[in-house]
Amino acid sequence: MIPLVSLNPSNMKIIVLACLAAVAVAAPQLQEREVLLLRDDRVANEDGTFSYALEADNGINTAVAGAVGSAGQINQEGSYTVTLEDGSQAVVTFVANENGFQPQSSILPTPHPLPAHVYELLEIAERQRAEGIVFN
């Protein structure tokens, strides 16, 4: 078999550079624009409580309030807006505390419902635990 291109180091460098140039040319070109802040309210209190609200002309919109939790952590609740592919916007509300980050929104995925037999198995397991039956 006769190779079409000899694979010496200088040929390999040219091939790699040609591939990098092709990727750079094919990459989508982002148009940068200046984003104007429509709202920027911030409050930070000495007791650890805080709040902020930001809104920009590109659709970014968020508002958060926080306070020190029972174990010294910062508990937060608020919302943020997400721009969807179709241009519409969806709001995500959340609570972040000792139980973790808990978002709520119609755009978040939900688990599939459990089949009926799983509910039956869970009831059986609960009855067994109530009767003192333990499996190791």
How many residues, within region 16-64, are surrounded by 12 or more Cβ atoms within 10 Å (Cβ to Cβ), part of a loop (DSSP other than H, G, I, E, B) and modelled with pLDDT of 90 or more? 1
Residue count, region 85-136, condition acidic (Asp, Glu) and touching a Pro at 6+ places or on another chain (Cβ under 9 Å), comes to 0
Quick check on residue 9: is it open to solvent by 100 Å² or more (accessible area, probe 1.4 Å) and at pLDDT below 90? no
Quick check on my filter: what residues within region 94-127 are under 13 Å from the mean Cα position of the chain (by Cα) and under 23 Å from residue 54 (Cα atoms)? 94, 101, 102, 103, 104, 105, 107, 108
Of all residues in region 65-108, which are in a strand (DSSP E or B), of a type in the set (A, V, I, L, M, F, W, C) and more than 29 Å from residue 47 (Cα to Cα)? 82, 90, 91
Considering only region 109-120, I want to know if a residue exists there that is in contact with a strand residue (DSSP E or B) (Cβ under 9 Å, 6 or more places away or on another chain), loosely packed, with under 13 Cβ neighbours inside 10 Å and closer than 30 Å to residue 59 by Cβ. no
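The values are calculated or read from the model by the stated rules, or taken from the named source; none is laboratory data. Since this is a predicted model, take the numbers as computed values, not measurements. Don't worry about glycine lacking a Cβ; one is built from the backbone with ideal geometry, like all the others, and counts go over all protein chains shown. In case anyone asks, the SASA skips ligands and DNA or RNA and just uses the protein heavy atoms, side chains included. Shrake-Rupley method; radii C 1.70, N 1.55, O 1.52, S 1.80 Å.
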